[in-house]
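In what follows, a structure is listed as structure tokens, so that the remarks can point back to it.
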Amino acid sequence: QVQLVESGGGLVQPGGSLRLSCAASGSIFSLNAMGWYRQAPGKQRELVATITRGGSTNYVDSVKGRFTISRDNAKNTAYLQMNSLKPEDTAVYYCHADTVVGGTHPGTHRFLEVWGQGTLVTVSS
């Protein structure tokens with residue numbers, strides 16, 4: 001009913017930049033908090049950044065000052081601008097969204113958490 005599609009991953013040198021996009025589509029009545037998570041090889045998935053519908057943001061300490069999460073509510077899209085990338089940033093990055101799905105009638109609405117399929121970011125010289 002709702003899909004999240006990530007794009008923008010790839011191979012980048014240390015110190016470089018990438019911009020990830022997460023586009024939500026489907027029967028979305030409301031797209032609420034969104035976030036980016038990542039999972040490196042052999043490690044647990046961790047929260048990287050979150051953003052509310054109103055634009056309030058939070059970041060894990062390791063990316064503060066380097067990453068910026070943003071969103072365009074008109075396009076149902078979230079972004080993650082990643083600057084000064086380090087090898088330890090290498091991971092599969094996943095988009096997450098809290099949504100209310102359904103049609104125009106309130107009786108059709110329900111809360112749904114949605115995950116994207118992930119996009120690989122590799123930081124290497």
For residues that are among the charged types (D, E, K, R) and within 20 Å of Ser84 (Cα to Cα), scanning just region 9-56, find the one that is surrounded by the most Cβ atoms within 10 Å (Cβ to Cβ). Arg38
Could you please let me know if Gln117 is more than 25 Å from Gln1 (Cβ to Cβ), in a loop (DSSP other than H, G, I, E, B), at pLDDT 95 or above and open to solvent by 60 Å² or more (accessible area, probe 1.4 Å)? no
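Within region 68-78, can one find any residue that is under 17 Å from the mean Cα position of the chain (by Cα), of a type in the set (Gly, Ala, Ser) and open to solvent by 70 Å² or more (accessible area, probe 1.4 Å)?
yes
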Kindly state which strands (runs of 3 or more DSSP E) lie completely within region 19-73 and contain at least 2 residues that are farther than 26 Å from Gln1 by Cα. 57-59, 67-72
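The values are calculated or read from the model by the stated rules, or taken from the named source; none is laboratory data. This is a predicted model, so every value here is computed, not measured. Note that we place each Cβ from the backbone using ideal geometry, even for glycine, and neighbour counts take in every protein chain shown. Please note that ligands, DNA and RNA were not included when accessible areas were found on the heavy atoms of the full protein model with its side chains. Shrake-Rupley method; radii C 1.70, N 1.55, O 1.52, S 1.80 Å.
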